[in-house]
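So the structure is just underneath, and the comments pick up after that.
The values are calculated or read from the model by the stated rules, or taken from the named source; none is laboratory data. In this text, all values refer to a predicted model and were calculated from it rather than measured experimentally. Backbone-built Cβ (ideal geometry, glycine too); neighbour counts: all protein chains shown. Just so you know, the surface numbers come from the protein's heavy atoms only, side chains and all, with ligands and any DNA or RNA stripped out. Shrake-Rupley method; radii C 1.70, N 1.55, O 1.52, S 1.80 Å.
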Amino acid sequence: TVELTDLHPTLADAAGLAIPKGLDGASVLPLVKDPKAKWNRPAFTQVRRNGYMGRSVRDERYRYVEWDDGKKGVQLFDYETDHGELKNLANDPKHAATVAAMKAKLK
């Protein structure tokens, strides 16, 4: 998963320029050259709905969401089995370790 913050370093890298220090993103040029290249950077998003913030983290397999820091609910979706985000796995005990790992990434 890549983010908009990856655009600046990617364009600099593609142009052969030095990637400025201190940017949040990373060049995705290795993925452009080889789509099967290793990539372990998650993508983060946030949105305000109904007066409270929703924050999420997405890796290659899962998306984890906390609404109002978890007070309004949490969600976990598995993109290997549920591309449409139809089944929330956050309260399934079988996914407790995944919830904990994704929660740690979000913090």
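Observations on the structure shown:
- Answer from 63, 41, 55 - the residue that is of a type outside the set (Asp, Glu), closer than 16 Å to residue 3 by Cα, in contact with an Asp or Glu (Cβ under 9 Å, 6 or more places away or on another chain) and open to solvent by 80 Å² or more (accessible area, probe 1.4 Å): 41
- When 79, 64 are checked against the criterion of being in contact with a helix residue (DSSP H, G or I) (Cβ under 8 Å, 6 or more places away or on another chain) and closer than 21 Å to residue 41 by Cα, 64 stands alone in meeting it.
- Whichever residue in the stretch 1-27 is touching a Lys or Arg at 6+ places or on another chain (Cβ under 9 Å) and assigned to a loop (DSSP other than H, G, I, E, B) and, among such residues, is most open to solvent (accessible area, probe 1.4 Å): 2
- Residue match in the stretch 77-89 (condition: within 21 Å of residue 26 (Cα to Cα) and of a type in the set (S, T, N, Q)): no
- Applying a threshold of 6 Å to beta carbon distances and a minimum spacing of six or more residues, or different chains, the list of pairs starting in the stretch 46-58 at a residue that is free of Cβ contacts under 8 Å to residues at least 60 places away in the same chain and hydrophobic (A, V, I, L, M, F, W, C) and ending at one that is open to solvent by 60 Å² or more (accessible area, probe 1.4 Å) and not in a strand (DSSP E or B) reads 57/105.
- When residue 32 is tested against the conditions (1) more than 15 Å from the chain's Cα centre (by Cα); (2) assigned to a loop (DSSP other than H, G, I, E, B); (3) modelled with pLDDT of 90 or more, the lone failure is (2).
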